[in-house]
Amino acid sequence: MRILTVLWFLTVLRSCRSDTFPEIKRSVCKSLAHPPPLMQLKSQLLCGYDNTVRPVLSHKDVNNVTIKLIPKILEFDEMNSKMVLHSWMTLIWTDSFLTWKPSDYDGINFIHVKSDAIWMPDFSVYNSGDMDADQNSIPLTTCLVFSTGSVSCVPSLKHVAKCATDFSKWPYDKHLCRINFGSWAHAGEEVDFHLDQKGFQMSGFTNNNEWDFKVVDAYKVLKKYKCCPNDTYPMIVYEFAITRHHGIMQTTYVTPAVAMMLLTLTVLWLDSRSIERMAVGSVNLLCHMLCIFDVHWVLPHNGLNTPNILLYYRDSLALAVFALILTAILRKIQSMNVEAPYWISSTTSFILNNRAGRFLILTGEDSKRILNNESEDNGDMPKASENPKTSSWRHFAAIVEWLSFFAVVFTYAIIIITLVPST
């Protein structure tokens with residue numbers, strides 16, 4: 001009984017759908033008695049058109065696609081060595097199925113067609129830096145189709161590519177990036193790409209506040225693979241140079257580096273017996289350590305080469321430590337009250353016998369004492385003299401001070417020549 005009831009209900013429902021809602025059975029299609037020429041043209045061109053088939057009359061013919069890159073905005077992720085380029089790309093080719101006589105359609109020479117309605121070249125990025133993004137297709141755009149079959153599309157694209165970064169000359173670093181374009185499914189005998197003149201146009205590019213962006217070169221590469229020795233696979237390569245605007249970094253990190261070099265030399269210039277030398281040396285060491293920590297957090301850690309600026313701070317820190325330790329040793333030596341070894345006293349006497357040595361080593365008090373001694377030698381008054389043990393150690397310390405000063409100057413000169421980044 002229940003089965004009969006269900007069958008009766010279904011029969012009534014079917015009759016209601018057929019009688020009450022007859023418009024559901026009919027497909028509604030609005031047709032015009034006299035459609036405009038543009039509608040007739042699009043209807044004729046796209047009737048039976050298959051956008052998955054290459055638009056050539058013979059499968060042996062080649063679709064030649066001409067491209068031009070028009071960069072607009074650049075984003076560079078130095079921490080991950082990625083370049084994100086927002087650009088327009090002009091693609092021009094000939095579609096043999098989209099031709100007509102303008103005279104048959106009221107003189108219409110071109111029409112606008114959505115890119116998903118016609119065949120599009122599978123223009124892909126080979127060295128994509130973002131594998132999650134779909135960079136193997138052209139996004140939806142509006143194309144211009146001419147009566148001769150020429151198709152022109154200008155899609156807005158986002159390219160993500162890995163870059164070969166080198167931070168050794170930071171903050172004057174310059175990085176080279178490449179974007180490799182080509183067909184993902186077709187060989188060059190089916191779809192071939194060509195550059196439009198030089199292949200790029202920079203007139204509409206908005207430069208970045210942190211990076212200076214330039215297109216270095218654009219060229220075409222033909223490759224063959226063992227799997228398909230009779231086919232060629234063309235690839236369009238764009239090379240970009242990304243240079244850092246170093247003004248702020250130079251003021252923040254390079255200028256203090258020069259200042260601390262002068263501060264280290266000042267420590268060595270001061271008298272080792274003065275308390276000021278110890279104070280300045282301690283402050284100099286502390287400044288070096290703070291700068292190294294700061295540079296460590298600013299610099300990217302993804303490069304193979306250590307940045308020269310960090311090596312400079314490292315070597316300058318070593319010289320600052322040397323200056324501070326040397327000061328402590330010299331202060332201890334000059335307070336010794338034991339007789340100096342023979343080689344020290346003989347070396348000191350040899351240098352003091354030279355006028356240049358006396359000028360560098362003897363202080364004003366020493367020179368005045370020597371003059372007094374000479375005048376006393378000419379008279380009958382007894383000779384005034386100081387403790388020979390103390391004077392030998394003090395003169396030896398003065399010799400070490402000047403030798404260390406010139407050695408550090410020479411060392412800094414080598415460091416500047418080899419390590420300091422230059423523009």
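Residue by residue, the range 107-112 carries 3J(HN,Hα) couplings of x, 6, 9, 8, 9, 9 Hz when phi is fed to the Karplus relation 6.51 cos²θ - 1.76 cosθ + 1.60 (θ = phi - 60°); x denotes Gly or Pro.
To the nearest 10, the accessible area of F97 is 80 Å² with a 1.4 Å probe.
Quick check: residue separation of A164 and I73 times 0.36 nm, minus the Cα distance between them. What number comes out in nm? Walk me through the numbers before you get to the answer.
On the way: separation 91, 0.36 × 91 = 32.76 nm, distance 2.00 nm.
Computed gain between A164 and I73 is 30.8 nm.
Give K114/K223; K101/K223; K60/K158; K82/K224 a once-over and call out the pairs whose C-alpha atoms are over 30 Å from each other. Intermediate values should be presented prior to the final figure.
On the way: K114/K223 33 Å; K101/K223 40 Å; K60/K158 33 Å; K82/K224 28 Å.
As for pairs spanning more than 30 Å Cα to Cα, those are K114/K223; K101/K223; K60/K158.
Do you know the relative contact order of the range 108-255, to the nearest whole percent, from alpha carbon pairs under 8 angstrom that are 6+ apart?
Values: 252 pairs, mean separation 33.7, N = 148.
Relative contact order, the range 108-255: 23 percent.
Under a 5 Å amide H cut-off, with hydrogens placed 1.01 Å from N, W100 pairs with G149 among residues at least 5 apart or on other chains. Modelled spin labels at Y219 and K174, positioned 7 Å past Cα toward Cβ, are 1.8 nm from each other.
The values are calculated or read from the model by the stated rules, or taken from the named source; none is laboratory data. Bear in mind that the values here come from a model prediction, so they are computed numbers and not experimental data. Here Cβ is always computed from backbone atoms with ideal geometry, including for glycine, and neighbour counts include all displayed protein chains. Note: areas computed on protein heavy atoms with side chains; ligands, DNA, RNA excluded. Shrake-Rupley method; radii C 1.70, N 1.55, O 1.52, S 1.80 Å.
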